[in-house]
Each structure stands twice: as structure tokens, then as C-alpha cells.
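Undergrad: Provided herewith is a single structure, encoded as C-alpha cells, for subsequent inquiry.
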Amino acid sequence: MRSGPGESVSAPLDGVRAGEPRALARAITAVESGDGRLRSAAMAAPWPASARVVALTGPPGVGKSTLANALGRRLADAGRAVGVVAVDPSSPRTGGALLGDRARLAGDDGRMFFRSMAARAGTGGLAPEVEAVVRLLALSGRDRILLETVGAGQGEHAVTGVADVTVALLAAGSGDAVQAAKAGLFEVADLVVVNQADRPGAETTAALWRATRASDAAPVLLVSATEGTGVANLAEAVTALLAAKPAPDRSGAEDAADPLRAIRLHHVGVAVPDGDASMDRWRSLLGLEEISRHRVDEFGVLALFLGPSADSDAGLLELVQPTAPGPVSRFLERRGPGLHHICFEVRDIHAALAALAARGARLVDETPRRGAGGHLVAFVHPASAGGVLLELKQAERPPRR
Ligand SMILES: Nc1nc2c(ncn2[C@@H]2O[C@H](COP(=O)(O)OP(=O)(O)OP(=O)(O)O)[C@@H](O)[C@H]2O)c(=O)[nH]1
Ligand SMILES: [Mg+2]
């Protein structure tokens, strides 16, 4: 934050914009390893209108990487500049498949840029790094970006916020997968692919899928990623969908120009000596429910979040109880229980901190820390905010408009 006026950020983006594969690879590595400034710069850059994103998602080992490779080559043959990013599940796996993938598929052979990246667990959505890497690929001139993610539970809807078209994969012969898939991503898929169609059971799996779904179900295609059958059909179907669907609004330019524009009150924090006792009081007073509770050792507190109901997007009340000596226990000693801080959610906490620093605000945290629930947070000193301790929290994903 105290370094010069951003040469270190714009220079790597210049290389990316020039389409240099090595500059792109370096920028991805930097973003992947937590370079928040570069990530912000990538997110702030205008999205090239011709770039479209196709998500390939499905259970581990179903053939997503193999299909991304086959589909990518098909699109490259049709004259597209293709980039593939494969998001590895964050749990380390044994057996070498993952490393094999990385080695076999990484790099740029002149026709297609392929890169896998690790994504950390527990974000409940697509990691912000992934979105930034997609943007880097777009900035580098790739106009068809294939995004491989493991669809396994909640975060999967997040992919549909980034992708123009979402393709969900099932393995041939996996009737169980059809059942499991019904509740998840397949609800939002534009296309369903039964992969490994060279194996027995593909037709049965496709029939099962059709039978479990209403008439407006996503069309199902049979594909063998290894043998290449059905890949041309898939490329055609994807291309037709891209032509038919309007691109999502990725401009973000206004918000990017001012990262404090789209802030939203997330919660009000109240310091209390005993969270549970205090919660009982708020329950009977306003009928608030417990939404979540987190022990945050970094801050020496237990945080209880209360709100009208779990699915409400109303602002929350946070009861902060000290579990160890620290700022909150000192606050209680000095002032007793009461209003402790207010927290705003921001779409890019690094950019928001930079903007606040540029406005002369006194930051308690110059770089974000992990707060309740593992979210990135940072505090601004009350001296800069009318006597109120101000918390910023990274939004899980950009607010919809
Ligand atoms: N027989 C057959 N095997 C396939 C097909 N597609 C992929 N495979 C094989 O299945 C294995 C896993 O393929 P990947 O493409 O790595 O699967 P993935 O979904 O990317 O796996 P993760 O990224 O680990 O979740 C590899 O050994 C592939 O060769 C297919 O269409 N038919
Ligand atoms: Mg893979």
C-alpha cells in the first residue's frame, strides 16, 4: 500500500494484454498465491466483449479435464483463442492423477492455454482468485474460456454467475449420480453431458436423466472425451447457446473505479461478556434467531450472529464475547457492554482498503485478516470514522444487480 503508484501491477497486466503466454502464466501464479493488488487490477479491467465463459462441472474423475481439452481443441480448430482453467479440489489427493493432470495438461501449445489452479476450501462459492484468473484469460485475448470445477454441493451455483453457459457432466453407468445430481448443479446446467459414452450404460444414464426431469430439462448429449465422439455436437450446442444467450453484465467498471460504491451494511457488532445470555435477551426482545457462531482465535472472541431468519438478507447483529485477553476484553473493561463496531461488506476488500488509504483513512489492518467464518476482514480506526470502529468484510461474491 505504501509502494509506488502501481507499476508493479500494471506491468504484468501489459504482458497479459499483449497475449504473452508467459506473462499470463506468471500473472495467474501471482493471483493464485494471493497477490490481492494484481487480482484487483484484473477485476477492474474492462471485460473484453468477445470473451465468453463455458463452465464444465461434475463429480471428481468424470472426465472434465479430458473433455475441456477435447472441446477446447475443437473450438480452436474453429478459429477461437481458447483458454482453459481447471480448478482443483483443495483437498490433496493421492494416486498422482492430479499431478499427472497438471504436468500433462499445463501450458500453451500455441493453440490453447491450459492451466490448473488450486482453490482453497470453505469459501462456500467460487474463490475470488478463480474469477480473477478467468478475467486474466479474457484480458489476454482468449475469447473462449473453459472453466473446470468440481461440482460437489453448495458452491456450485457460484459458477453460473461467472459462466455464460454451464455444462454438467455425468459418467455413463452412474444411476446414483443422476440421483445425487438432481438436487445440485444440474438444476442450473444449460447442457448435460453423459461422458464415457464408450462405456456401457451411457444410454441408460441419459434415459434416467431425462426421466427424472421435467420437460424443460437441459438437453443431454452423449460424449466420449477420450475417443472424441460427440465432441463436435457438444461444440455446436455450446456455440448455439452462446449465440442465443446474452452475455452477463461483467462491466463492473463503475464499481471497480470506486470499490466503496457498492458497499452494504452487513452487521452491527455488540461487545458482551456472555454471548449466550445476551442472545437469549435479543431472542425474547426482537425474536432474532441464531444464524451462525464462530470461534475466532485470531481476535480472541466468540462471535454469535443473529438475524430475523437464516434466509433473510437483512443486516445482522453480531454478539462479540471475548475468549482471551485482547481488544474486545479491554473494550468491555473500559466501557462495559455495548456497541462495538459496524461492518460493511465490500466486493473487493483489497481495492476497498487501497481506496480508504488513498482518502487518508487510518487503517488498523493494512492487509485483510481471516475473521468469523474464515472471511477476509479488515478494520478501520474509529479516529477516521466518526468515533466508530469500522469493519470491512469481503463479500462472498459480487452483489447481483
Ligand atoms: N473410457 C473413458 N475414460 C475417460 C473418458 N473421459 C475421461 N476418461 C478418463 O477418466 C480419468 C479421469 O479423467 P479426467 O479428465 O482427469 O477427469 P476430471 O473430471 O477432470 O477429474 P478431476 O479433475 O480429478 O475431478 C482419466 O483416466 C481419463 O482418461 C471417456 O470419455 N471415456
Ligand atoms: Mg480435472
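The values are calculated or read from the model by the stated rules, or taken from the named source; none is laboratory data. In this text, all values refer to a predicted model and were calculated from it rather than measured experimentally. Methodologically, a virtual Cβ is constructed for each residue, glycine included, from the backbone with ideal geometry; neighbour enumeration extends over all protein chains shown. Side chains are part of the model used for accessible areas, which takes the heavy atoms of the whole protein and leaves out ligands, DNA and RNA. Shrake-Rupley method; radii C 1.70, N 1.55, O 1.52, S 1.80 Å.
Undergrad: Applying the selection to region 44-58, what residues are within 16 Å of ligand 2 (Cβ to nearest atom) and touching an Asp or Glu at 6+ places or on another chain (Cβ under 7 Å)?
TA: Correct list: 54, 56, 57.
Undergrad: Okay, next question. Quick one: is residue 55 open to solvent by 10 Å² or more (accessible area, probe 1.4 Å) and outside any helix (DSSP H, G or I)?
TA: no
Undergrad: For region 32-64, what are the residues that are out of contact with any Lys or Arg (no Cβ under 9 Å at 6 or more places or on another chain) and either among the β-branched types (Val, Ile, Thr) or within 16 Å of ligand 1 (Cβ to nearest atom) (or both)?
TA: Residues satisfying the conditions are 55, 59, 61, 62, 63, 64.
Undergrad: Return the total of residues in region 116-154 being at pLDDT 70 or above and under 22 Å from residue 349 (Cβ atoms).
TA: 13
Undergrad: Within the set of pairs 6 or more residues apart or between chains, which connect a residue that is among the charged types (D, E, K, R) inside region 330-355 to a residue that is assigned to a helix (DSSP H, G or I) and open to solvent by less than 70 Å² (accessible area, probe 1.4 Å) with Cβ atoms less than 8 Å apart?
TA: Close Cβ pairs (under 8 Å, with a partner that is assigned to a helix (DSSP H, G or I) and open to solvent by less than 70 Å² (accessible area, probe 1.4 Å)) amount to 347/255; 348/39; 348/40; 348/43; 348/128; 348/256.
Undergrad: Next up: Under 8 Å between Cβ atoms, at least 6 apart or on separate chains: pull out the pairs that start in region 59-71 with a residue that is open to solvent by less than 40 Å² (accessible area, probe 1.4 Å) and more than 10 Å from ligand 2 (Cβ to nearest atom) and end on any residue that is outside any helix (DSSP H, G or I) and of a type in the set (Phe, Trp, Tyr).
TA: So the pair list comes out empty.
Undergrad: Considering region 325-334 alone, what residues qualify as being open to solvent by less than 30 Å² (accessible area, probe 1.4 Å) and of a type outside the set (A, V, I, L, M, F, W, C)?
TA: 326, 329
Undergrad: With (1) touching a His at 6+ places or on another chain (Cβ under 6 Å); (2) at positive phi as the list, and residue 345 as the residue in question, which single condition is left unmet?
TA: (2)
Undergrad: Of all residues being in contact (Cβ under 8 Å) with a residue 60 or more places away in the chain and of a type in the set (Gly, Ala, Ser) in region 276-329, which is farthest from residue 393 (Cα to Cα)? Just the residue, please.
TA: 292
Undergrad: Tally the residues that are in contact with a strand residue (DSSP E or B) (Cβ under 7 Å, 6 or more places away or on another chain), in a loop (DSSP other than H, G, I, E, B) and either among the β-branched types (Val, Ile, Thr) or open to solvent by 60 Å² or more (accessible area, probe 1.4 Å) (or both), restricting the search to region 309-324.
TA: Of the residues in that region, 2 qualify.
Undergrad: Now for a different question. Tally up the residues in region 274-299 that are open to solvent by less than 90 Å² (accessible area, probe 1.4 Å) and touching a helix residue (DSSP H, G or I) at 6+ places or on another chain (Cβ under 9 Å), please.
TA: Residues in region 274-299 being open to solvent by less than 90 Å² (accessible area, probe 1.4 Å) and touching a helix residue (DSSP H, G or I) at 6+ places or on another chain (Cβ under 9 Å): 7 in total.
Undergrad: Just give me the residues in region 72-90 being over 21 Å from residue 110 (Cα atoms) and either free of Cβ contacts under 8 Å to residues at least 24 places away in the same chain or among the β-branched types (Val, Ile, Thr) (or both), in sequence order. I'd like the intermediate steps shown before the answer.
TA: Taking region 72-90 first, the residues over 21 Å from residue 110 (Cα atoms) are 87-90.
The answer is 87, and nothing else.
Undergrad: Filter region 58-90 down to residues that are part of a strand (DSSP E or B) and within 19 Å of the chain's Cα centre (by Cα), then give me how many there are. Full working, then the answer.
TA: To start, the set of residues in region 58-90 that are part of a strand (DSSP E or B) comprises 58, 82-88.
From what is left, the residues that are within 19 Å of the chain's Cα centre (by Cα) are 58, 83-88.
Looking only at that region, the number is 7.
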